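Values quoted throughout were computed directly from the atomic coordinates according to the rules given, and no laboratory measurement underlies them. Everything quoted here is computed from the prediction, not taken from an experiment. Using ideal geometry, Cβ is built from the backbone for each residue, glycine included, and neighbour counts are taken over all protein chains shown.
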Amino acid sequence: MSGGRVRERLVEYSRQVRRFPQARGLAEMLIRAVTQVVPKHPGRVVVHGLDESEDGALAVVNALRGRGVVPVRLTNGVPASPFRVPGVQYRSKYTLAGFWAFARAGVVVTSQALYGGLGGGARQRTVLLWHGEVVKPVGLLNGERALAADVAPVCSTTARAFRIAEFGLHPRQVPVIGSPRNDRLLGADRTQVRSRLGWSQDRPTWLWLPTYRTAVRGERRNEGQEMWRGLPYNAEDLDRLNELLAERELTLVLKPHPLAEQGLRRSGPEALRVLSQSDLERLGVSLYEVMAAADGLVTDASSAWVDFLLVDKPLVFAFPDLEQYRTDRGLNLEPYEDWVPGPVVADVDDLVEQMGRIAAGDDGCAELRRRTLRRFHHFRDDGSADRLLDLLDLPG
């Protein structure tokens, strides 16, 4: 089954769960009953992420293999990918074998709500890596239920305060040891990754990671603009953006949210390019490796900017719908403009102007980034996964 078909089935499954909440309740009762009685193996480790390319899960798997531990990696049922690690057992989480591996594990490491986020009982330790920090309300702060977690590592005391509130945790459960996903950001070979992506080694190439928005292509938002799904700009804006980038000899690579990819693919010698999740899977390059290869990052409310501070490269925040976003979705860091270590721009002309200035050597936010780095990252090395395994007292 292709990755696209799997994503379609996941979307359809989530729709069915919302339509029939009683079925979800019954499934959760069964999960609780089974996981409470199944004996746990203290040395058995299960690792789960949104997909096989997820950097946090990959970093933990590689650290485990380096210590001689053979984990079980739960997947979404996608065929073998280039991200598979030799010696690791792979199981689809939608199979009985996958659920059985979860139910018997002494340690489960996950960045998502695995099997409803219920956990596997008192004899199983659940490590909640999560997949971002600080910027947006999640969990209890977003009106959702807390996920099971015995350990939830974070990068800073600021993030620790939010993680405690998000999932109702005790401070001892939230160690400030760094996030494993950043091991891959700091350990990536920039030249090699750019070569695999087909990026110029010389021309400035920025990465654009917009936050997913609920609007779909053709839907009218409050301000009356026709928006592309997942983006703050419409089709005309994107064409203008491509022209301006070409004039400045800049390249901007858009990595949309997987749910926002439809209709965004652009072909030909464009200065604005689209890098899809399927492209990453085909090339065997993960998102945090792409971040390491970029000369700068354009984003809005994606918490990726917090991690990007570690590579000390410029940031620009393209956020024309900031007021609407803070009203509809909300932000933890307010006023947001005072927290972000880079210019906040509205239209594409200002976006390219800021990128051009920085490419010409006018990086006026360098010192602000370094101050912000100290606020959000206690550790600035690639040893977070090992610190986590030490904390779990796994072989070393």
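Against the chain, whose longest principal axis is taken from its Cα atoms, helix 348-359 shows a tilt of about 90°. Binning at 5 angstrom from zero up to the longest distance, how are the C-alpha pair distances of region 119-190 distributed in percent? Answer for region 119-190: a P(r) of 3, 17, 25, 24, 16, 9, 4, 2, 0 percent. Given in Å, the Rg to one decimal and the Dmax to the nearest whole number for the Cα atoms of the chain are 21.0, 65. Using θ = phi - 60° in the Karplus curve 6.51 cos²θ - 1.76 cosθ + 1.60, the 3J(HN,Hα) couplings for region 325-334 round to 5, 5, 7, 7, 9, x, 10, 6, 8, 9 Hz; x is entered for Gly and Pro. Of the residues 173, 112, 36, the one whose Cα sits farthest towards the positive end of the charge dipole of the chain is 36 (charges of +1 on Lys and Arg Cβ, -1 on Asp and Glu Cβ, taken about the Cα centre). Put a plus charge on the Cβ of each Lys and Arg, a minus charge on the Cβ of each Asp and Glu, and nothing anywhere else: the dipole of the chain about its Cα centre is then about 2220 debye.
For residue 136, a cut-off of 20 angstrom between C-alpha atoms picks up these lysines, skipping any fewer than 8 places away in its own chain: 255.
Straight-line cross-link partners of residue 40 among the aspartates and glutamates, defined as a Cα under 17 Å from its Cα and at least 8 positions apart when in the same chain: 150, 393. Ranking 60, 162, 379 by Cα position along the charge dipole of the chain, where only Lys, Arg, Asp and Glu carry charges on their C-beta atoms, puts 60 farthest toward the positive end. Compared with the dominant principal axis of the Cα atoms in the chain, helix 157-167 is inclined by about 60°.
Would you order 378, 131, 41 from fewest to most other beta-carbon atoms within 10 Å of each residue's own beta-carbon?
On the way: 378 16, 131 19, 41 13.
With the fewest neighbours first, 378, 131, 41 line up as 41, 378, 131.
Along the axis of the charge dipole computed for the chain (Cβ charges of +1 for Lys and Arg, -1 for Asp and Glu, origin at the Cα centre), the listed residues 151, 256, 324 are led at the positive end by 151. Taken one residue at a time, the phi angles of region 168-174 give Karplus couplings (6.51, -1.76, 1.60, θ = phi - 60°) of x, 9, 7, x, 5, 7, 10 Hz. Gly and Pro are set to x.
Quick check: the angle from helix 21-37's long axis to the longest principal axis of the chain, C-alpha only, nearest 10 degrees? Rounded to the nearest ten degrees, it is 50. Taken along its three principal axes, the alpha carbon spread of region 233-354 comes to 40, 31, 28 Å, from the longest extent down to the shortest.
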